Amino acid sequence: MDLPSSTSTRSPQKANEITAFGPHAPAVPADTADLEHSWTATPVLDTTDEIFVAGRWVRGSGTVIESIDPATGRIFAHLHGAVAHDVDLAVDGGLRAVASSGWAELLPHERAAVLYRIGTAIEANTDRIAALQTADTGKTLAETGALARSAAGTFRFMASALETMEETITPRRGPYLTFATHEPMGVVGAITPWNSPIASDAQKIAPALAAGNAVVAKPPVWAPWVTLLLARLAEEAGLPPGLLSVLPGPGRTVGDALARHPGIGKISFTGGTRTGRGLAHVAAEKLMPITLELGGKSPTIVFADADLDQALAGVLFGIFSSSGQSCIAGSRVFVQRAVYSEFVDRLVAATTALRVGPGTDPRTQVAPMVTRAHRDGVAAMVDDAVREGATVLCGGAVPTDPALADGAYYLPTVLTGVPNSATVCQEEIFGPVAVVLPFEDEADVVAQADDTVFGLACGIWTSDYRRAWRTARAVQAGTVWINTYKQFSISTPFSGLKDSGIGTEKGRDGIRSYMNQKSIYLDVSGQPLPWAGR
C-alpha cells in the first residue's frame, strides 16, 4: 500500500500558532528507542510560512498545507508549499553552489567538520525536533526524540566514514597504475516519508552531502516541519548556501518535477511501492541511478522453543510501536502450531492492555495515526478482512473514549482465521494490525514467509541458533532480526528485495551510493604504445 499524501487547499488562517507540547524522552542511544524514560517540559513550536530554496527562505507559490495535530484534529500551522518552478530554482542553485562553493574540492576531513557540526546541532535541538514531529505525525515524544538522536548519529557516522574513506589502487595488469576513484554526482534528490521524517532525512542528506553533492529534499506534505528545521540547523552549522533545499509539496507535482529535472543526478526515495515504480520508470528514461526503499509485509516467526516472554515483547513492539506505521512492521505473525493457542491468548491479552493515547502523554504506547483519512483506510482494510473470513480477537475499531474522539486513533488489532493468501496477509496495511497464522516446521514457515511480493524484513524467535541461522539465510528479506526486532544501526546497510525496493542505504558504503566511479590508468613505462609503429 502506498504511503498516502495530501495537500489542503483551504484558506490559511492568520499566522502559525505557537503551541506548547507536553513532556519528552531523555537521551537514548542514537539507533534505539528505549521504552523506559523520564519526562520534563518541552519547548514551544515555532513555525514560519517559508520553504528553503537554494539558500533562501521564501514563501512557497503552491497550495496551502494545513498541518493538523493527529491527537486533537486541530490545525497548528500553515505552510505554502513548493511548485515545479521552485524545483528549477533549487536545482539550478544547487548546481551553482557545487561549482562555486568549493564544497566538492574540500578535503574529506574539512567536509566532515561541517557534518559533525550539523549532528551536534540536531542533538542540541532534540526537544524542538521531537515536539514538531509529534505535532505533525502524532508519534510519541519518546519515539520522536529517539529519531532526532538517531539523525544526529547519522550525520556523525557519515562524517567519520568520510574522514576514513579510502580510494582503491587496483592490482596491476600491465605497465601502468590503475585507480578506482569516486566523484560527486552534482545535485541529488531526496524524497522522504511522513512516518519518520528526521531519521529518513538524515539517512539521505548526510551521505549525499558527504559525497560532495548538493541536495534537494522533498519532505511529505503531512510532515514538513522537521526537514525545514534541519535546513535551518545546517545553515547555522556553516553548510555553504545552495547545497541544501527543502521543498514541501505533493509528490505528483514537486516529486515528479524533481525526478524528471535534467540537472538531478540521482533520486533516493522512501515510500510506497506504486510511487516507487513510477519513479523507477522516470529514472530508466533518464538512465539515472535510483535508490528505492518501498513497502513491506514482514513476517515474524515464533518457533515452539522460543522464549515466549521475549517473543511476545518483540512481536508487540514490532507491529504496534509507531502505531504500525512502519515499512518494517512485523504484520504477519507466524507461530508454530505446538504453542499457537498459548501464544495467541497471551498476545491478545497483552495487546488489549496497551495504552492508547496522545503522543505527548508519557504513558502512551499506541499513539494516533497520522491523519483520520489514513486511520479510516486502515479500518476499511480490517473490515474487508472480516468479510473475507478473518476473526477479530481484539481491537478492530476506533476507541470509544470521549477524550480520544477528535484524534486519528485506532485500537491495536489482532486477526486470525485467514490463510496467508488472504488480502490482509498480502497487502501492506500500514497500521496497528497483526494477522496471526500457524505453521508446522521450518520448510512450511519459510514457504509462507516468502509467499509475498515484498522482501523487506523478518523476525525470528528461537533458542536454537542453528535453526535461526538456517531460517535467516532462507527467508527472502533485506534485514533479519533474531530474538529481537526493529533495531537499527547506521553502520549496517539497509535494503529491500523484490517489491520492497532496490539499492542500499546506510553503512560505510552509503556515501559511495551518491558518487560516480571513475577509473584512471597511469602509464609507468614511459614507452609509446606499440600499435602505431607496427
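Would you be able to say whether some residue in the range 225-236 is more than 24 Å from the chain's Cα centre (by Cα), modelled with pLDDT of 95 or more and farther than 30 Å from GLN527 by Cα? Full working, then the answer.
Taking the range 225-236 as the starting set, the residues that turn out to be more than 24 Å from the chain's Cα centre (by Cα) are 236.
Narrowing the set further to residues that are modelled with pLDDT of 95 or more leaves 236.
Right, trim to farther than 30 Å from GLN527 by Cα and you get 236.
Yes; the residues of the range 225-236 include at least one that is more than 24 Å from the chain's Cα centre (by Cα), modelled with pLDDT of 95 or more and farther than 30 Å from GLN527 by Cα.
State which residue is surrounded by the most Cβ atoms within 10 Å (Cβ to Cβ) when the search covers only the range 276-308 and only residues that are in a strand (DSSP E or B) and of a type in the set (A, V, I, L, M, F, W, C). Looking at residues that are in a strand (DSSP E or B) and of a type in the set (A, V, I, L, M, F, W, C), I get ILE301.
Restricting attention to the range 428-451, the residues that are under 11 Å from LEU415 (Cβ atoms) and either out of contact with any strand residue (DSSP E or B) (no Cβ under 6 Å at 6 or more places or on another chain) or buried (at least 22 other Cβ atoms within 10 Å of the Cβ) (or both) add up to 5.
Residues checked against (1) more than 15 Å from THR275 (Cα to Cα); (2) surrounded by 24 or more Cβ atoms within 10 Å (Cβ to Cβ); (3) in the same structural domain as ASP86 (by TED's automatic domain parsing):
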site	(1), (2), (3)
ALA223	yes, yes, yes
GLY238	yes, no, yes
PRO241	yes, no, yes
LEU244	yes, yes, yes
ASP256	no, no, yes
GLY263	yes, no, yes
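Selection of first residues in the range 344-368 that are within 16 Å of VAL433 (Cα to Cα) and of second residues that are at pLDDT 95 or above and among the basic types (Lys, Arg), restricted to Cβ pairs under 6 Å at least 6 apart or on distinct chains, gives the following pairs, ordered by first then second residue: ARG355/ARG363; GLN365/ARG355; ALA367/LYS139. Exactly one residue among GLY359, GLY318 is touching a Gly at 6+ places or on another chain (Cβ under 8 Å), small (Gly, Ala, Ser), under 22 Å from THR416 (Cβ atoms) and surrounded by 24 or more Cβ atoms within 10 Å (Cβ to Cβ), and that residue is GLY318.
Among the residues of the range 164-180, those that are touching a Lys or Arg at 6+ places or on another chain (Cβ under 9 Å) and surrounded by 13 or more Cβ atoms within 10 Å (Cβ to Cβ) comprise MET165, THR178, PHE179.
The residues listed here are ASP34, ASP49; of these, the one that is in a loop (DSSP other than H, G, I, E, B), modelled with pLDDT of 95 or more and surrounded by fewer than 22 Cβ atoms within 10 Å (Cβ to Cβ) is ASP49. The residues of the range 98-126 that are in contact with a Pro (Cβ under 6 Å, 6 or more places away or on another chain) and surrounded by 21 or more Cβ atoms within 10 Å (Cβ to Cβ) amount to a single one, TRP103. Restricting the range 329-356 to residues that are assigned to a helix (DSSP H, G or I) and of a type in the set (Phe, Trp, Tyr), the residue that is nearest to ALA447 (Cα to Cα) is TYR340. Of the residues making up the range 464-510, those that are out of contact with any helix residue (DSSP H, G or I) (no Cβ under 7 Å at 6 or more places or on another chain), in contact (Cβ under 8 Å) with a residue 24 or more places away in the chain and not in a strand (DSSP E or B) are ASP464, ALA477, GLN487, PHE488, SER489, GLY496, SER500. Here SER525 meets each of (1) outside any loop (DSSP other than H, G, I, E, B); (2) of a type in the set (Ser, Thr, Tyr); (3) over 20 Å from GLY153 (Cα atoms) with one exception, condition (1).
Taking each residue of the range 394-423 that is more than 15 Å from ASP376 (Cα to Cα) and looking for partners that are part of a loop (DSSP other than H, G, I, E, B) and hydrophobic (A, V, I, L, M, F, W, C) with beta-carbon atoms closer than 6 Å, six or more apart or interchain, yields LEU415/ALA390; GLY417/ALA390; VAL418/ALA390.
Residues of the range 87-107 being in a helix (DSSP H, G or I) and among the acidic types (Asp, Glu), which ones? Once the filter is applied, which keeps residues that are in a helix (DSSP H, G or I) and among the acidic types (Asp, Glu), the range 87-107 yields ASP88, ASP92. Where strands (runs of 3 or more DSSP E) fall wholly inside the range 130-238, the ranges with 2 or more residues that are among the polar types (S, T, N, Q) are 168-170, 176-184.
The values are calculated or read from the model by the stated rules, or taken from the named source; none is laboratory data. Please read all numbers here as calculations on a predicted model, not as lab measurements. Please note: Cβ atoms are built from the backbone with ideal geometry, for glycine as well, and neighbour counts cover all protein chains shown.
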